[in-house]
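Below you'll find the structure, written out as structure tokens, and then a few comments.
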Amino acid sequence: MRFFFRSRQFRIIITVFLVVAIISLSFAFVGSRMTPFTDVAGIITAPFRNAYTVIESEISDFVTAYRSGNELMIKNSELSSEINELREKVAEYDKTKSENEFYKKYLGIKEENPDFKFTPATVISHDGLDQFGGFTINKGSASNIKVRDIVISDEGLVGIVSELGTTTAKITTVLSPEVTLGALDGRTNDSGIVSGNIQLSEDNLCRFSNLSRSCSVAIGDYVVSSGEGIFPDGILIGTVSNIGSDKYNNSIYADIVPFVNFKELRNVMIITDFNGKGGLTPAGDK
């Protein structure tokens, strides 16, 4: 036995024991320190765990963004629907307000002209090919409207009914040479004839012609119908914007800017009858 303790095997056993004891004491000292095997495994798997963490984060961000995008899209859709509803309500409000204002002025005109018989109408389409601003209304012969009835708005003279259907009618404006009427300067009472032509219509003008050279017409004067033929008197036509001399005779002419904006008309009134109606017809009618 004595020889065993001196042998090499015994020294190896003691050495291993001491190494194990030292390692054990070291782990006992640091407490929660992981074992060497676990530490080595952790080092090896670290790149994979980091890659997984990055991929998991990207997937999580994508899912979050997708859900947020869907929620935002739904909210945008709801907001768009609400905006469309509000626009419709505003459009309806504007239409009602415009109609109310129109009928208020309509009643005012009616009170000032108790002999006038009116048929209110709505513009349903503008003729883009008519350079004189012609348009179609939603009333026709079924509403007791006739060809050559006078058309006005709350701003002034519009023109005449030129074509007639059962429930619609075509309106020719005062910019057209087909419409001719007697007129007066509202300030001086100088008389002449108002009509349109192709050149003037390009600038939204018509002409007050056959004025006497001794007339006192001035720029800024307003012009009204004189009440001859199919037109009642006192209907506003427009204001004088330019004065010139007719080279073919000794008369004076004045260019007129109509009070009515034909392109923006929504509502009009057809004068179907008035005291003194009759007589002359517009140029171009047979």
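Report yes if some residue within region 126-133 is in a strand (DSSP E or B), modelled with pLDDT under 95, touching a strand residue (DSSP E or B) at 6+ places or on another chain (Cβ under 7 Å) and open to solvent by 40 Å² or more (accessible area, probe 1.4 Å); otherwise report no. Scanning region 126-133, I find at least one residue that is in a strand (DSSP E or B), modelled with pLDDT under 95, touching a strand residue (DSSP E or B) at 6+ places or on another chain (Cβ under 7 Å) and open to solvent by 40 Å² or more (accessible area, probe 1.4 Å), so the answer is yes.
Quick grid of which residues meet (1) crowded, with 17+ Cβ neighbours inside 10 Å; (2) assigned to a strand (DSSP E or B):
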position	(1), (2)
LYS170	yes, yes
ALA183	yes, yes
THR188	no, no
LEU200	yes, no
VAL224	yes, yes
ASN249	no, no
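For region 134-164, filtering for residues that are in a loop (DSSP other than H, G, I, E, B) and open to solvent by less than 30 Å² (accessible area, probe 1.4 Å) leaves 6. So is PRO258 buried (at least 18 other Cβ atoms within 10 Å of the Cβ) and either of a type in the set (A, V, I, L, M, F, W, C) or modelled with pLDDT under 95 (or both) or not? Answer is no for this residue.
The values are calculated or read from the model by the stated rules, or taken from the named source; none is laboratory data. Everything numeric in this text was worked out from a predicted model, so none of it was measured. Neighbour counts run over all protein chains shown; Cβ positions are idealised from the backbone, glycine included. Each accessible area value is taken on the protein alone, full model and side chains, heavy atoms only, with ligands, DNA and RNA left out. Shrake-Rupley method; radii C 1.70, N 1.55, O 1.52, S 1.80 Å.
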